1. Scan (1) away from the ligand (no atom under 16 Å from the Cβ); (2) farther than 12 Å from residue 361 by Cβ for the single condition residue 67 breaks and write down its number.
2. State which residue pairs qualify: first residue without any contact (Cβ under 8 Å) to a residue 60 or more places away in the chain and inside segment 99-116, second residue near the ligand (Cβ under 9 Å from one of its atoms) and in a helix (DSSP H, G or I) in any location, beta carbons under 7 Å apart, and separation of 6 or more residues or different chains.
3. What are the residues in segment 138-162 that are surrounded by 22 or more Cβ atoms within 10 Å (Cβ to Cβ), over 23 Å from residue 96 (Cα atoms) and in contact with a strand residue (DSSP E or B) (Cβ under 6 Å, 6 or more places away or on another chain), if any?
4. Tell me, which residue of segment 77-88 that is in a loop (DSSP other than H, G, I, E, B) and within 11 Å of the ligand (Cβ to nearest atom) is farthest from residue 262 (Cα to Cα)?
5. List the number of the failed condition for residue 209; all other conditions in (1) of a type outside the set (Ser, Thr, Tyr); (2) surrounded by fewer than 21 Cβ atoms within 10 Å (Cβ to Cβ); (3) touching a Leu at 6+ places or on another chain (Cβ under 7 Å) hold.
6. Within segment 95-110, is there a residue that is in contact with a strand residue (DSSP E or B) (Cβ under 7 Å, 6 or more places away or on another chain), in a helix (DSSP H, G or I) and under 27 Å from residue 77 (Cβ atoms)?
7. Does residue 202 fit the bill of being closer than 24 Å to residue 260 by Cα, surrounded by 24 or more Cβ atoms within 10 Å (Cβ to Cβ) and modelled with pLDDT of 95 or more?
8. List pairs: first residue in segment 247-259 and at pLDDT 95 or above, second residue part of a loop (DSSP other than H, G, I, E, B) and exposed (fewer than 10 other Cβ atoms within 10 Å of the Cβ) anywhere in the structure, Cβ distance under 6 angstrom, at least six positions apart or on different chains.
Amino acid sequence: MSDPLLRYRPEFPILERTNYMISNSLGAMPRAVYDALRGYADTWATRGVRAWEERWWMLAVEVGNEIGNLMNAPESSVSVHQNVTTCQAVVASCFDFTGKRTKVVYSDLNFPSVMYFWEAQRAYGARVDMIKTDDGITVPTERLLDAIDEHTMLVPISHVIFRSAYINDAAAIIEKAHRVGAHVLLDTFQSLGTVPVDVQALNVDFACGGVLKWLCGGPGVGYLYVRPDLGRKLEPKLTGWFAHQNPFGFEVGPTRYTDAPFRFMNGTSHVPSLEACRPGLKIVREVGVEKIREKSKRQTARLIELAEQHGWRVNTPRDAEKRGGTVSIDMPDSQQVSRELLAREILVDWRPKAGVRFSPHFYNTDAEIEAAIGAVEQILGERRVAV
Ligand SMILES: Cc1ncc(COP(=O)(O)O)c(C=O)c1O
């Protein structure tokens with residue numbers, strides 16, 4: 001069966017040397033990043049400070065729009081930041097946790113950095129209500145919905161769970177939150193680029209994530225979507241001169257907020273990372289998330305099928321509609337197996353309570369899936385002999 005998505009393989013040098021199954025952690029680097037970073041250095045070297053006016057200042061808006069385009073966000077509704085944790089801080093700083101609405105509701109399957117941030121906000125009045133998973137794979141939606149009440153300020157929640165790839169019922173969570181006057185901050189780090197995201201159809205208040213995984217954009221760029229009606233009125237207290245109406249006026253005293261996306265930014269932008277992420281965004285846009293999703297469902301189904309044939313525990317939903325791009329497999333000695341896979345140039349990772357995470361992307365072949373599982377089988381066989 002021919003796979004048209006494989007025509008992009010030559011764009012990613014690392015695929016020549018490794019079985020790259022780790023796009024849930026760091027997507028493969030597009031070859032064009034060499035040119036992008038050389039272009040950055042050339043601009044700096046030849047244009048010097050003029051680069052800000054000629055290119056760098058507006059780069060933040062352009063990259064925000066390129067990311068926004070992948071999630072059906074309106075122009076200028078996506079600001080760029082360094083990472084998801086910073087995005088949480090920007091959103092938190094828009095709200096006051098001293099009144100009646102102080103509850104922050106999320107699942108214990110959220111990415112830990114997000115939980116560490118919100119736990120620390122207790123010092124400013126936030127009351128964290130963390131809903132525990134029953135099986136380590138799925139989020140108990142009904143209990144989460146019940147916890148969202150008229151005292152809830154915010155629901156910062158992952159769209160796709162990093163440990164298990166479970167897809168949260170974002171529509172139901174947003175609907176409940178809005179019914180009681182709360183806001184949802186959807187972390188689309190593990191969805192955007194592999195699972196379709198439409199912020200307008202979801203009517204979500206905020207969405208954040210980063211580009212280094214499924215978007216093949218490298219480290220250093222996080223993004224924050226703010227629904228335009230909120231973007232016109234919210235005033236982040238984590239702010240700075242990029243968010244000022246007249247940044248080059250260098251006015252003293254309180255700020256005068258400009259419009260989104262700069263309104264949600266603060267200090268000088270991370271230009272090299274912004275340049276480096278564009279080739280990945282361009283390729284993902286060209287390939288199309290619908291096609292990526294279709295292939296991902298097929299390859300992740302095959303991984304589950306193979307794991308089940310061997311009797312290994314699968315910590316990922318069987319239902320393709322509830323599953324993102326990763327399959328977590330907890331075979332015997334899984335941490336050791338993951339180390340041995342790395343030694344054989346099969347790039348995966350291991351997480352506690354998950355096992356080995358296999359994350360094929362649009363550039364992976366079906367043969368690589370078979371080879372990765374074949375290698376696990378071989379490693380376990382050799383270990384049995386050794387014991
Ligand atoms: C769902 C999710 N959110 C956030 C992060 C990372 O957060 P940050 O960008 O703050 O490092 C990750 C992964 O590394 C993740 O999987």
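1. (1)
2. Short answer, once both residue conditions are applied: 113/84; 113/85.
3. 139, 159, 160
4. Quick first cut of segment 77-88, residues in a loop (DSSP other than H, G, I, E, B) only: 77, 82-83.
Adding the requirement that they be within 11 Å of the ligand (Cβ to nearest atom) leaves 82-83.
On the way: 82: 14, 83: 16 Å.
Only one residue fits best here, namely 83.
5. (2)
6. Among the residues of segment 95-110, not one is in contact with a strand residue (DSSP E or B) (Cβ under 7 Å, 6 or more places away or on another chain), in a helix (DSSP H, G or I) and under 27 Å from residue 77 (Cβ atoms), which makes the answer no.
7. Details: closer than 24 Å to residue 260 by Cα: yes; surrounded by 24 or more Cβ atoms within 10 Å (Cβ to Cβ): no; modelled with pLDDT of 95 or more: yes.
It is false that residue 202 is closer than 24 Å to residue 260 by Cα, surrounded by 24 or more Cβ atoms within 10 Å (Cβ to Cβ) and modelled with pLDDT of 95 or more.
8. Pairs that qualify, where the first residue is at pLDDT 95 or above and the partner is part of a loop (DSSP other than H, G, I, E, B) and exposed (fewer than 10 other Cβ atoms within 10 Å of the Cβ): there are none.
The values are calculated or read from the model by the stated rules, or taken from the named source; none is laboratory data. These numbers come from a predicted model, not from an experiment. Glycine gets a Cβ as well: all are built from the backbone with ideal geometry, and neighbour counts include every protein chain shown.
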